[in-house]
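The values are calculated or read from the model by the stated rules, or taken from the named source; none is laboratory data. Worth saying up front: this structure is predicted, and the values here are computed from it rather than measured. Cβ placement follows ideal geometry from the backbone for every residue including glycine, while neighbour counts extend to all protein chains displayed. Ligands, DNA and RNA are excluded from the accessible area calculation, which covers all protein heavy atoms including side chains. Shrake-Rupley method; radii C 1.70, N 1.55, O 1.52, S 1.80 Å.
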Amino acid sequence: MVLTGFRPRRLLVVVAVLFGVLAAGVAPAAAHAALTGSDPAQGSVVAHAPEQVALTFSEGVAMGNDSLRVLDPQGKRVDRGKLRNLCSGSVVKYGAGLPPGLPNGTYTVAWQAISADSHPVSGAFTFSIGAPSKTAAAVPQQQVGGGLVGALYEIARYLAYAGFVLLVGGAAFVVACRPAAARVRSVQRLVVRGWALLTGATLAMLLLRTPYTGSGKLADVFDFGGLQQVVMSKPGAALLSRLLLLAAAALFVAVLFGAYARLHAPDGTDANDTDDTDGTGEAEDAEDAAKRRKDLTFGLAAGGTVLAAGLATTWAIAEHASTGLQPAVAMPVDVLHLLAVAAWLGGLAALLVSLYWGPPVERTAVRRFSRVAFGSVLVLVATGTYQSWRQVGSWHALADTSYGQLLLVKVGLVAVMVAVAGLSRRWTGRLTAAAQGTNRTDRTDRTDGTDGTEPTAAPAVAQDTSAPSDTEDAPAADTAGSGGPADPARVAQLARQQAALVTARKKRIRDADPVRRGLRRSVLTEAAVAVLLLAVTTVLTTTEPARTAEAVKAASADRSPDANQPRVLNVPFDTGGADGKGTARLDLDPGRSGGGNELRLRIADPSGKARDVPQVEVSFTLGAKKLGPLPVALRHSGTGHWTASGVQLPVPGRWQLSLLVRTSDFDQVTETRNVTID
């Protein structure tokens, strides 16, 4: 693979912006909880006004008195305005009472709720009393969590994940893989910007939470009353806890790039220590510095692990892991999953900036990161397999649901990253082999970021100690000449020229080593795939899990084994007179309660040929509800064929169908059959 004249910084920016736009442009995804049923049912026609309207959900939800509204045909709210908690056992159900004596017509039910995993859900449906009618009720066309506010919230979620990965993974790379990177400016900028990105995104999510779960109006970010309610909720408390942990993380970052970086100065001691002029205590100073480095490394590792786990927990307690099956197991597993993602992707980003904008990276640092990445992949496979089983539940759901399809895309991207990582490991092996062939006597890494392993292609340049590293400023040029006054403009010009020469020299050193160049390019490819992987993960966390989607489908299917199939009845009859025998075939489509059913009737003689009869009537009776008989207005549509549109069966139940057939002035018969209507 040959890349000519490409700019890695621009490439990463373009890829990040592209997938940020893609993530923002995704339509508001369904959340964890879903409406699985209602009473009255959607589209049903009931004979009398119900006492209440009740909604059943697949998962726990948070609702208030204004979360469920019932509007009459004129658009006026008619419910009592007080939400009823009807939950029982594992059934999540809420209702709103209705006043008695509501007139006939079509009523609109509009609802919204906050799912237990922090995502908003909303919807609307209609039912009719007596008979359907026109309705002037205005139902919001935009679902809660959508529009501009929804897009901004999703962008903030993506940036929060990215900031977490850069902060935690970058810091872990410094402590566990390359302590000398604490003095590299590009790595420092990466970690600090990760902290700033996560902090800013968390603040944005906290402010956007009110319009995101409510009105959808961007101006409501300044609604401090709504912000107070958000802070009292579980998602708001998680975001607030994240900000407190980020305050502690700021202190961690200050120590990492302050005291810890000074302890890893090129001379191996703290730069603030006083020099031992007589040389009598050099051994003691070196031993003391080594002990301080060890103690501080342990402290940073322990404290950083606690902070990282705490930050990851703020996602686990407010996302999919906190609801559904086995939350007590799923939340710790989710924390491990997030930490493994950060260690791999964030460490990869730190390695990338080290390879492109810093002193040469020691081969041991690359090998250490390779081991960390391998361990992270193992953790990701184990935790990802468990979470996939928990959220998907079945093989066919992988292809039949949006969550399953996104999960397959994520698995494919992880496979691509692992393949590219394998290529990076091969480049690392070549780097080690080249280093050993160049200098077999130098087997100890230096602490100043140069390990003495530069290839023979540029030995003179590799040992040019006058070239400043990324951790030091370029030396000022001596422009005074033979003691004359310095021209400020000339000083600035020479400084720029010298900086350009230093940059060109660094680039020449890097480009002279084909092995390191190959490693940089493979790591860059991994980073580009990681940006896409992070975008897919962000969308995945806001998508209704496949197990929930399948449960909603099953709940709909449980209404009847043939809920989506027409009811077909073949009714033989015999009126007792001449030509009084025959068969009636009735098709009721779709065979559901409410309006919109179509009835098709065909009368045939014993040979199966369609025939007309003087009279045919159909009616329905529901004895359990004392409804009926409800006659069906049949229209003759052809020889032996009758049809009826808009057949209304108000409520589900076991209805009795009555078929009257008259074949002559004196010969007729009435046949009855039972038919289940959902």
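Can you classify the stretch 289-365 as rounded, prolate or oblate using the Cα gyration tensor, where a ≥ b ≥ c are the square roots of its eigenvalues, rounded means a/c under 1.5, and otherwise it's prolate if a/b beats b/c and oblate if not?
Taking the square roots of the gyration eigenvalues as a ≥ b ≥ c, the stretch 289-365 is oblate.
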Quiz item: By how many nm would the segment from A286 to A489 lengthen if fully extended, with 0.36 nm per residue of separation less the alpha-carbon distance?
Solution: 68.6 nm
Practice problem: Go from 0 up to the bin containing the longest alpha carbon distance in the stretch 564-678, width 5 Å each, and give me the % of pairs per bin. | Solution: 2, 12, 24, 24, 18, 11, 6, 2, 0
Quiz item: For the stretch 153-231, what is the per residue volume of the convex hull drawn over the alpha-carbon atoms, in cubic angstrom?
Solution: 92
Self-check item: Spacing of the two label points (7 Å from each Cα toward its C-beta) at L569 and D587, in nm
Solution: 1.7
Practice problem: Compute the FRET efficiency between L86 and R262 as 1/(1 + (r/R0)^6), taking r as their Cβ-Cβ distance and R0 = 60 Å, and round to the nearest 0.05. | Solution: 0.40
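Given a cut-off of 32 Å, name the pairs among K82/K134; K134/K217; K234/K410; K294/K410 whose C-alpha atoms lie farther apart than that in the structure shown. Can you show the working numbers first?
Values: K82/K134 27 Å; K134/K217 30 Å; K234/K410 28 Å; K294/K410 39 Å.
Listed pairs above 32 Å: K294/K410.
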Quiz prompt | Fraction of accessible area attributable to carbon and sulfur, the stretch 308-376 (%, probe 1.4 Å) | solution = 73
Quiz item: Given the C-alpha centroids of the stretch 39-62 and the stretch 565-639, what is the distance between them in whole angstrom?
Solution: 31
